[in-house]
1. Please give the FRET efficiency for V60 paired with D197, using the beta carbon to beta carbon distance and R0 = 41 Å, rounded to the nearest 0.05.
2. Quote the charge dipole size of segment 251-290 about the Cα centre in Debye, to the nearest 20; the model charges only the Cβ of Lys and Arg (+1) and of Asp and Glu (-1).
3. In whole percent, what relative contact order does segment 200-246 give with Cα contacts below 8 Å and a gap of six or more residues?
4. Let me spell out the model: positive unit charges on the Cβ of Lys and Arg, negative unit charges on the Cβ of Asp and Glu, origin at the Cα centre of segment 141-233. What dipole size does that give, in debye rounded to 20?
5. Restricting to DSSP loop positions (anything but H, G, I, E, B) with no more than 14 other Cβ atoms inside 10 Å of their own Cβ, which chymotrypsin sites (Phe, Trp or Tyr not before Pro) remain in segment 190-261?
6. Taking the Cα of A219, stepping 7 Å toward and past its beta carbon, and measuring to each backbone N in segment 232-265: which are under 14 Å?
7. Counting Lys and Arg as +1 and Asp and Glu as -1, what is the net charge of the other residues whose Cβ lies under 14 Å from the Cβ of R90?
8. Just to be sure I understand the model, the point goes 7 Å from the Cα along the line to the Cβ. What's the resulting R117 to A266 distance in nm?
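No lab work stands behind these numbers, since they all come straight from the coordinates. From a predicted model like this one, the values you see are computed outputs, not experimental measurements. Glycine also receives a Cβ, built like all others from the backbone with ideal geometry; neighbour counts cover every protein chain displayed.
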Amino acid sequence: MTHRQPNTIPGNGTALHRSLVIAGLAGFLALAVGGCDKKLDLNSLPQGQFAVVDTSYIPVYPILTGFNGPEDILIGKDQLLYVADTRANRVVMMNLAGQFMSSRSIIHPIAVAQDSRLDLLVGAEIVATNGDTVGAILRVHLVSTNADSAHRLEVSPIDTVWKELAHPARRFPGIAVLSDNTYLASRTGPDNSSFIDPDSRVMEFDANDKFITPVPAFATGVGTGIGNINFLTGITAFPNSRDFILIQSSEGVAYGALWMVYQSNADFVGWLPRFDPANASDRGTDFIKPNRYLSPQGVAIDPSRRDIFVADANLDSIFKFTSRGVFKAESFGFAGSGGLMVRPTGLAFFSTILYVLDGEQGLVLRYRLSTDVPR
């Protein structure tokens with residue numbers, strides 16, 4: 001496959017070394033809307049103009065190819081690369097150079113995470129005994145007592161640790177493993193009319209896969225509050241922490257990304273929003289500007305800088321924020337990626353490399369800050 005090289009911006013040398021990046025999204029809206037099904041309200045998007053900056057993300061070659069509608073990507077604690085290759089019905093294991101190592105047939109995997117025991121947790125589907133295809137959480141035991149199957153994805157034992165037999169339309173688009181190997185699973189589905197058991201919830205499990213409780217910090221259903229959830233798309237945890245970021249479609253809600261911090265004291269145990277528009281000092285925070293996103297599908301964290309990346313599939317864009325929730329000028333979209341990125345559906349970060357999963361093209365794109373490129 002021949003890859004397109006980055007475009008050249010007149011007067012600025014090689015593209016992306018001094019590329020145009022997003023201070024807002026209005027400047028390349030015509031490109032973004034061309035691939036979207038719904039009309040956008042210009043006033044709902046971050047305001048600003050194009051900015052030319054010296055620090056920008058530039059592509060790392062080669063591009064990794066050969067996937068079919070992939071939905072999630074993970075750099076594991078074992079420093080291997082995992083892709084939920086959704087339409088191909090498999091999870092793929094590669095090394096960081098992109099060399100294929102093994103794969104495992106799993107029905108429609110859409111989320112993959114790894115705990116400190118190196119087990120994979122996969123949000124996928126199974127076929128129930130009645131013939132229904134239902135959402136499930138699978139545990140893949142990569143490290144086992146059998147030396148012949150240790151870290152061989154194609155033969156590792158798999159357990160089904162949760163399945164939605166009574167609600168076959170539910171799915172698990174995100175799993176976040178916390179510092180003690182407990183984990184959170186974002187569950188979504190078409191029916192949120194039930195007050196008792198709506199489809200969209202964040203579910204907490206212990207390290208042995210026992211369901212604990214739905215996280216009570218969220219109110220399921222349409223609304224404008226910071227804790228309202230409707231159609232969840234992913235979740236990721238901060239390294240060595242119980243804090244996490246939850247992402248969701250903007251349909252029916254004001255906030256597409258929710259940053260939650262864990263508190264435990266005499267008065268309260270649980271999660272609260274990092275930023276809350278009910279607090280006057282938080283209202284101007286970039287991270288919680290209402291209607292910033294359309295369809296965020298991926299989220300990743302740089303563990304050293306504590307920067308946060310959110311991929312919006314419908315806006316063909318990567319938003320970047322500081323650990324204080326400040327929008328960063330290195331954010332980029334279709335124009336600023338040299339036309340390489342079309343529909344980002346997953347993100348991962350390792351060392352200085354940002355991995356962007358393009359679900360439409362079936363690619364893994366890699367980017368590095370121009371200031372991090374070896375001279």
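1. 0.40
2. Result for segment 251-290 is approximately 80 debye, rounded to the nearest 20.
3. 25 percent
4. In debye, rounded to 20, segment 141-233 gives about 200.
5. Sites meeting the loop and neighbour criteria: F195.
6. Hits in segment 232-265 for A219 at 14 Å: 253-255.
7. Around R90, the charge tally is -3.
8. With each label point 7 Å from Cα toward Cβ, the separation is 3.7 nm.
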